[in-house]
Amino acid sequence: MSIRLENVSYVYGMGTTEEKYALKNINLEIGNHELVGIAGHTGSGKSTLLQLFNGLEHAAHGTVYYNDQNIYEKGFSMKELRGRVGLVFQYPEHQLFEATVIKDVEFGPANIGMPPMEVELNSFQALKDVGIGEELLDASPLTLSGGQKRRVALAGVLAMQPEVLVLDEPMAGLDPLGRREVFELLLKLYQERNITIIFVSHSMEDIAEYAGRVLIMNQGEIVLDGRPDKVFRYRKELEQIGLGIPQSALLAASLRERGIRLADGCITVEKTTQAIVEWYQNRKRGAV
């Protein structure tokens, strides 16, 4: 599986006096089984980029490829693409509309032409994967808790058996416990289903904790791309575009400035704590 963008630009109000570039000359490739976090301030082009991945938006210039196929070529099936690249919008629970949970989850796979038996089996499996029990299958989605609604909305996308799961601010509006539960669920899906996951987040802590690769966007361009521990070394550059680095990375940088030698990769609470403990133990042994 691969998504590739070549020289892609997107323009709002093209041909009018309000013309504005949302994306400028994007060149990007995302491969099989990647876990990618995207960060950038409001208006940097994150959401527009996500909607290009499955054809919801059409590039003004350039080409989008899925598995080396030009998605803009005549005869290419956008319906098939949207089954393979599942997009979960911000506050996905607002998309629930059917009378029961199971009907809501079955809507997506049925809509892309999946055979009825597969629709049923995949919908049951998707609900199981997100932790929704059989006792809720016939419940109205409107009666569920906020966390349950978000899981049902996610199940509706998973039931289409996507190769890529794209999420725009999946943690929006959730408390810390809810955020962790959803991310742990995404990690489980990533590992068990062997899919690619791409998510947008304003939280550098979330990206440090869960992403294997991070894209930083600014004014419609990708300005940094790499492993989180590498990207977060560009502290000044991130601050200049209104972003920061995780608090753990900030603490580690401050300690290093004071002469405390910590191991590389201190971007999460766990890794930074471990590095500080190791430094202290070495210090007691006289190794530092």
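The values are calculated or read from the model by the stated rules, or taken from the named source; none is laboratory data. Since the structure is predicted, the reported quantities are computational estimates derived from the model, not experimental observations. Backbone-built Cβ (ideal geometry, glycine too); neighbour counts: all protein chains shown. With ligands, DNA and RNA removed, areas are computed over all heavy atoms of the protein, side chains included. Shrake-Rupley method; radii C 1.70, N 1.55, O 1.52, S 1.80 Å.
Looking at Gly108, Gly62, Gly133, can you tell me which residue is on the phi > 0 side of the Ramachandran plot, without any contact (Cβ under 8 Å) to a residue 60 or more places away in the chain and open to solvent by 10 Å² or more (accessible area, probe 1.4 Å)? The match here is Gly62.
Can you find, within region 160-203, the residue that is farthest from Tyr234 (Cα to Cα) among those that are among the aliphatic types (A, V, I, L, M) and out of contact with any helix residue (DSSP H, G or I) (no Cβ under 8 Å at 6 or more places or on another chain)? Show your work before the answer.
Taking region 160-203 first, the residues among the aliphatic types (A, V, I, L, M) are 160, 164-167, 171-172, 174, 177, 182, 185-187, 189, 195, 197-198, 200.
Those still in the list that are out of contact with any helix residue (DSSP H, G or I) (no Cβ under 8 Å at 6 or more places or on another chain) too: 172, 177.
On the way: Ala172: 26, Leu177: 30 Å.
This residue is Leu177.
Within region 171-203, being among the small types (Gly, Ala, Ser), surrounded by fewer than 17 Cβ atoms within 10 Å (Cβ to Cβ) and in contact (Cβ under 8 Å) with a residue 40 or more places away in the chain holds for Ala172, Gly173. Take the residues in region 274-286 that are over 24 Å from Arg235 (Cα atoms) and of a type outside the set (Val, Ile, Thr); name whichever of them is surrounded by the most Cβ atoms within 10 Å (Cβ to Cβ). The qualifying residue surrounded by the most Cβ atoms within 10 Å (Cβ to Cβ) is Glu278.
So the check is Cβ under 9 Å with 6+ separation or different chains; which pairs have a first residue in region 252-273 that's free of Cβ contacts under 8 Å to residues at least 60 places away in the same chain and open to solvent by less than 60 Å² (accessible area, probe 1.4 Å) and a second one that's in a helix (DSSP H, G or I) and of a type in the set (Phe, Trp, Tyr)? Close Cβ pairs satisfying both conditions: Leu255/Trp279; Ile260/Trp279; Leu262/Trp279; Ala263/Trp279.
Scanning region 211-229 for residues that are under 23 Å from Ile26 (Cβ atoms) and at pLDDT below 95 yields nothing.
The set of residues in region 85-105 being crowded, with 19+ Cβ neighbours inside 10 Å, at pLDDT below 95 and part of a helix (DSSP H, G or I) consists of Pro92, Glu93.
Checking Glu73, Glu18, Glu57, Glu29 one by one, the residue that is assigned to a loop (DSSP other than H, G, I, E, B), open to solvent by 40 Å² or more (accessible area, probe 1.4 Å) and touching a residue at least 12 places away in the same chain (Cβ under 8 Å) is Glu57 and no other.
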